[in-house]
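Structure below; questions to follow.
The values are calculated or read from the model by the stated rules, or taken from the named source; none is laboratory data. The structure displayed is predicted, hence computed values, not measured ones. As a convention, Cβ positions derive from the backbone with ideal geometry for all residues, glycine included, and neighbour counts pool all protein chains shown. Keep in mind that these areas ignore ligands, DNA and RNA; they rest on the heavy atoms of the full protein, side chains included. Shrake-Rupley method; radii C 1.70, N 1.55, O 1.52, S 1.80 Å.
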Amino acid sequence: MRTDVRRTHNAVTDTAAAVLAGITTVRNLGILAHVDAGKTTVTERILFLAGETHKRGEVHDGTTVTDCHPQERERGITIFAAAVSCLWDGHRINLIDTPGHVDFADEVERSLRVLDGAVAVFDAVAGVEPQSESVWRQADRHGVPRIAFVNKMDRAGADLDAAVASIRERLHPVPLAVQLPVGREGDFIGVVDLLTMRALTWDDGPGRDVLREGPVPEELRSEAEHRRRRLDEAVAGLHPAALEEYYEHTALSTATLTAALRDLTHSGEAVVVLCGSAYRNRGVEPLLAAVTAYLPSPLDVPAVRGSAVGAAGSVGVAGSVGAEDAESAELERAADPAGPLTALVFKVNVTASGRLTYLRLYTGTLRKGDTVLDATTGRTERIARILRVQADSHTETDSAVAGDIVAVIGVKAARTGATLCAPGAPLVLEPPVTAEPVVTVAVEARRSVDTDRLAVALARLAEEDPSLVVRTDPETGQRVLSGLGELHLEVAVEKIRRDHNGLEVTVGRPEVAHRETVERGVTGHVHRHVKQDGGAGQFAQVVIDVTPLDGPVGAQEGGGFVFASTVTGGRVPKEYVQAVEAGCRDALTEGPLGGHPVTGLRVTLTDGATHTKDSSDLAFRTAGRTALRDALRLCRMVLLEPVVEVAVTVPQEAVGGVLGDLAARRGRVQGSDPRGTAATVTAVVPLAELFGYATALRSRTQGRGTFTARPAGYAPAPAAAR
């Protein structure tokens with residue numbers, strides 16, 4: 001009997017060990033880059049080499065796996081983050097191909113929230129471009145380790161050293177190039193691996209997909225040895241164990257160098273740089289080897305942290321406890337398949353045939369038929385099916401474990417950012433941050449009988465994409481759709497037309513979301529709130545100072561609002577100070593100039609008074625709200641408009657006309673960077689002036705001009721707009 005128990009225990013232990021060993025071979029990574037840097041082509045080559053596809057998909061042919069939506073194939077860009085999975089060298093790679101256009105940055109944000117690592121793709125000619133810089137900063141905020149892949153090495157003007165220099169200058173990590181190109185531009189045929197000092201080449205013609213390994217070409221041997229010494233020195237200067245070996249042997253072994261590069265990648269102190277040409281199938285195998293060697297597994301990343309929740313599903317620290325209690329209520333869970341289930345919803349896809357909910361499992365095991373708790377709302381959900389995702393196709397599986405990225409069917413109400421967990425061990429994870437909409441259009445059904453259908457379509461859009469906000473204008477009664485840019489809204493409206501056959505919609509001219517801010521404040525503003533209508537009354541007196549907040553508007557922490565209290569002597573108890581702050585935040589929703597949200601200000605509570613019976617949280621909240629609204633009417637206010645940083649690439653002969661056009665659009669030119677026969681002009685332009693700019697630029701440059709834009713905060717609007 002004892003022997004049977006021991007054998008059962010050993011079997012369970014062996015199974016757990018096998019599952020943990022399997023997790024170490026999982027890589028959850030994203031492909032990040034500027035638009036048109038080659039993210040989707042890199043993804044396609046990875047799937048082809050891993051045997052998931054039997055034919056290489058091409059973006060220009062509309063045959064790629066990840067750009068599966070009709071709009072993506074028509075426009076030739078990635079719009080929706082697509083998850084795929086493949087096996088390579090004993091590792092399961094769960095990969096998310098993210099959009100590169102700034103209007104879809106929220107898709108990148110949600111993806112980065114659930115990824116353990118990333119491959120940043122750069123154009124070998126352009127180097128670090130505006131949107132690649134933006135997604136790099138997003139990855140920094142999430143602490144996602146990255147490796148870099150300099151793509152398009154076969155293009156005219158391709159320069160690995162220049163691309164590495166731009167990474168160092170604009171992104172500020174230590175770039176460690178571990179390869180040397182073999183051939184330049186159109187003659188690029190492969191790379192020299194500086195760790196093994198072997199040449200990896202791909203031939204043209206028959207057999208060109210076969211990787212050939214050989215000795216370093218004689219003409220590159222001296223350069224390769226020089227770069228290997230520089231790599232050893234750079235790594236030794238960053239890694240203590242490598243430094244010790246370097247001092248002893250004046251060189252690093254391949255094993256030590258590999259281990260050090262892995263540690264530096266995980267810590268973010270350096271970024272490994274590889275190169276190749278995904279379109280010509282060159283350099284992808286070494287990239288996959290680097291993914292498995294340097295990027296972390298789910299067991300290598302810090303344990304996920306979340307807030308404990310009560311039995312009803314509400315956060316246990318929701319405003320009723322102090323900071324010390326809130327901190328103690330935070331829990332930590334490691335990537336253990338035997339632990340309590342904890343998963344984050346990072347994407348929802350609602351179709352006429354059903355609802356697909358995408359999950360990242362952090363701990364525990366999820367099985368078909370399980371009942372889970374939506375810890376955000378307290379609602380229970382039943383998992384009907386679990387799917388391995390391959391863009392728009394799926395393979396059903398019976399279970400998923402910690403570290404997996406899967407989709408489930410059966411979850412009816414969980415929204416993006418919700419935490420699904422074991423009912424007996426509730427936990428709320430921090431949801432992805434949703435960007436604030438900056439562009440608005442009015443959307444109406446062309447036929448009155450379609451009004452209800454339009455309402456359903458808009459609700460479905462907002463459920464799939466939290467960065468889309470739908471509301472009804474209280475004055476006009478129109479339905480208003482807000483998003484992150486003109487293209488974002490254009491794609492959303494087109495999706496309504498495609499997904500709801502026969503639904504015709506009318507779209508108004510885009511409008512930008514203005515803000516208001518304080519240019520000159522007021523001090524010592526007194527407001528007394530007294531209300532007596534039978535029974536317990538209300539009494540609260542507050543004295544506030546309102547001053548402008550330092551720093552660029554739109555870039556301040558906390559949404560551009562800071563509240564402080566300098567009250568002494570207990571004239572306003574601490575619990576009422578919190579109520580005053582809540583009231584002030586209520587007042588920020590509408591400013592005195594035009595009812596726009598207010599940002600960029602500091603409110604200081606300097607004094608106040610209470611009543612022994614009639615003072616309450618409600619009274620002080622009301623006093624804070626009314627006091628700030630009255631104070632803002634006394635301040636000198638400024639209307640703000642959103643501005644964007646634009647990078648316009650045009651032929652040299654068209655630069656003058658583009659500069660004049662940007663000036664006419666109230667743009668502030670920041671510089672011009674010549675690049676061969678073309679030039680890139682950077683400028684800060686009001687977002688409202690960029691509506692229709694793509695068409696105007698094509699017309700001005702005979703179709704040869706392109707531009708990209710990224711948000712740059714807010715700036716004062718011209719007097720005519722105030």
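What percentages make up the Cα-Cα pair-distance distribution of segment 458-501 when the bins are 10 Å wide from 0?
Percent of Cα pairs in each bin: 27, 56, 17, 0.
Binning at 5 Å from 0, report for segment 380-532 what percent of all alpha-carbon pair distances ends up in each bin.
1, 7, 12, 14, 13, 12, 11, 11, 8, 5, 3, 2, 1, 0
Sequence gap at least 6, Cα distance under 8 Å: using those rules, report the relative contact order of segment 161-200 to the nearest whole percent. Numbers along the way, then the final one.
Details: 38 pairs, mean separation 10.0, N = 40.
So the answer I get is 25 percent.
Please give the charge dipole size of segment 374-476, origin at the Cα centre, charges +1 on K and R Cβ atoms and -1 on D and E Cβ atoms. Round to the nearest 20 debye. Mind dumping the intermediate values first?
Working: 11 positive and 16 negative charges, 61 e Å.
Around 300 debye, computed over segment 374-476.
Taking the full set of protein chains and a 1.4 angstrom probe, give the accessible area of W88 in square angstrom, rounded to the nearest 10.
My reading of the accessible area for W88 is about 60 Å².
Let me ask something else. Could you tell me the calculated FRET efficiency between R229 and R498, based on Cβ-Cβ distance and R0 = 60 angstrom, to the nearest 0.05? Each step should come with its number before you reach the end.
Working: r = 57 Å, r/R0 = 0.95.
My answer for the efficiency is 0.55.
Now a separate question. For the chain, evaluate the Debye formula with one uniform point scatterer on each Cα (no solvent term) and list log10 I(q)/I(0) at q = 0.08, 0.12 Å⁻¹, rounded to two decimals.
Log10 I(q)/I(0), no solvent term: -0.76, -1.49.
At q = 0.10, 0.16 Å⁻¹, what is the log10 ratio I(q)/I(0) for segment 606-722, with the Debye formula run over Cα points and no solvent?
Reported log10 I(q)/I(0), two decimals: -0.49, -0.78.
Sticking with this structure for a sec: Excluding same-chain residues fewer than 8 positions from K152, which lysines have a Cα within less than 19 Å of its Cα?
K39
May I ask you to compute the full-extension gain from L618 to V433, defined as 0.36 nm times their residue separation minus their alpha-carbon distance, rounded to one decimal in nm? Present the calculation step by step, with values, prior to reporting the outcome.
Numbers: separation 185, 0.36 × 185 = 66.60 nm, distance 2.97 nm.
Result for the pair: 63.6 nm of gain on full extension.
Which one, H101, G591, G283, projects farthest toward the positive side of the charge dipole computed for the chain from Cβ point charges (K/R +1, D/E -1)?
Selected residue: G591.
What accessible surface, in Å², does a 1.4 Å probe find on T25, ignoring ligands, DNA and RNA and rounding to the nearest 10?
Approximately 40 Å² of T25 is accessible to the 1.4 Å probe.
Another question, if that's okay. Show which lysines lie in cross-link reach of K412 when reach means a straight Cα distance below 18 angstrom and same-chain residues fewer than eight apart are skipped.
Straight-line reach from K412, under 18 Å: K347, K368.
Kirkwood Rh over Cα pairs of segment 33-156 into Stokes-Einstein at 37 °C, 0.692 mPa s: D in µm²/s?
Values: Rh = 14.8 Å.
Approximately 222 µm²/s, per Stokes-Einstein.
Once the Cα atoms of helix 451-464 and of the chain are each reduced to a long axis, what angle between those two axes, in degrees from 0 to 90 to the nearest 10, is obtained?
60 degrees
Sticking with this structure for a sec: Give me the distance in nm between label points sitting 7 Å out from Cα along the Cα-to-Cβ direction at T24 and A582, one decimal.
5.0 nm
Next up: At a Förster distance of 60 Å, what's the computed FRET efficiency of E218 paired with R509, Cβ-Cβ distance as r, to 0.05?
Efficiency for this residue pair is about 0.40.
Then there is this: By a straight-distance test (C-alpha under 18 Å), which lysines pair with K574 as possible cross-link partners, with residues fewer than eight away in the same chain excluded?
Hits, sequence-local ones excluded: K613.
Here's a follow-up. Tell me which of S307, P548, P466 sits at the most positive position along the dipole axis of the chain, charges placed on C-beta atoms (Lys, Arg +1; Asp, Glu -1).
Going by the charge dipole, the pick is P466.
Using a 1.4 Å probe on the protein heavy atoms, what percent of the accessible area of segment 680-722 belongs to carbon and sulfur?
Numbers: 1150 of 2090 Å².
Ligands and nucleic acids excluded, carbon and sulfur give 55 percent.
Taking the Cα atoms of segment 389-443 alone, what are Rg (to one decimal) and Dmax (as a whole number) in Å?
15.9, 45
Roughly how many nanometres apart are two label points built 7 Å out from the Cα toward the Cβ at R636 and T523?
Those two pseudo-labels are separated by 1.6 nm.
Then there's this: Is segment 147-224 rounded, prolate or oblate when judged by the Cα gyration tensor, a ≥ b ≥ c being the square roots of its eigenvalues, rounded requiring a/c under 1.5 and prolate requiring a/b larger than b/c?
Details: a/c = 2.05, a/b = 1.51, b/c = 1.36.
Verdict is prolate for segment 147-224.
I've got another one for you. Report the calculated FRET efficiency for A156 and D550 (r = Cβ-Cβ distance, R0 = 45 Å), to the nearest 0.05. Mind dumping the intermediate values first?
On the way: r = 47 Å, r/R0 = 1.04.
With a Förster radius of 45 Å, E is 0.45.
Given C-alpha coordinates of segment 141-300, what is the ratio Rg to Rh with the Kirkwood estimate of Rh? Mind dumping the intermediate values first?
Values: Rg = 15.6 Å, Rh = 16.2 Å.
Computed over Cα atoms, the ratio is 0.96.
With each run of n ≥ 4 DSSP H residues scored as -39500 (n - 2.57), what mean residue ellipticity at 222 nm is computed for the chain after dividing by its residue count and rounding to the nearest 500 deg cm²/dmol? If you can, show how the numbers build up before the last one.
Working: 17 runs with 205 residues, N = 722.
One gets -9000 deg cm²/dmol as the mean residue ellipticity at 222 nm.
Here's a follow-up. Taking only C-alpha pairs under 8 Å that are 6+ residues apart, what is the relative contact order of segment 650-711 in percent?
On the way: 72 pairs, mean separation 21.4, N = 62.
Relative contact order, segment 650-711: 34 percent.
Can I ask one more? Report the gain in length on full extension from E396 to A413: 0.36 nm times residue separation, minus Cα-Cα distance, nm rounded to one decimal.
Stretched out fully, the E396 to A413 stretch lengthens by 4.0 nm.
A further question follows. With N set to the number of residues, divide the alpha-carbon radius of gyration of segment 108-194 by 2.2 N^0.38 Å and report two decimals.
Normalised Rg, Cα atoms only: 1.13.
Still on this model: Classify segment 431-483 as rounded, prolate or oblate, taking a ≥ b ≥ c as the square roots of the eigenvalues of its Cα gyration tensor: rounded when a/c is under 1.5, otherwise prolate if a/b is larger than b/c and oblate if not. Each step should come with its number before you reach the end.
Details: a/c = 2.85, a/b = 1.60, b/c = 1.78.
Because a/c hits 1.5 or more and a/b fails to exceed b/c, segment 431-483 counts as oblate.
What is the Cα centroid distance between segment 232-278 and segment 621-698, reported in whole angstrom?
So the separation of the two Cα centres works out to 42 Å.
Further question on the same structure: Report the relative contact order of segment 212-307, percent, no decimals, based on alpha-carbon pairs under 8 angstrom and at least 6 residues apart.
Details: 55 pairs, mean separation 16.9, N = 96.
Rounded, it is 18 percent for segment 212-307.
In bins 5 Å wide, starting from 0, what share of all Cα pairs of segment 246-294 does each bin hold, as a percent?
Using 5 Å bins, I get a P(r) of 5, 18, 21, 21, 16, 11, 5, 2, 1 for segment 246-294.
Ok, one more. Give, in nm to one decimal, the length gained when the segment between T472 and S699 is fully stretched (0.36 nm per residue of separation minus the Cα-Cα distance). Write out the running numbers ahead of the final one.
Values: separation 227, 0.36 × 227 = 81.72 nm, distance 3.69 nm.
Stretched out fully, the T472 to S699 stretch lengthens by 78.0 nm.
For segment 105-191, what does the accessible surface come to per residue with a 1.4 Å probe? Please give it in Å². Write down the numbers at each step before the final one.
Working: 2600 Å² over 87 residues.
On a per-residue basis, 30 Å².
Just how much of T292 is accessible, in Å², when a 1.4 Å probe is used and the result is rounded to the nearest 10?
Its accessible surface works out to 20 Å², give or take rounding.
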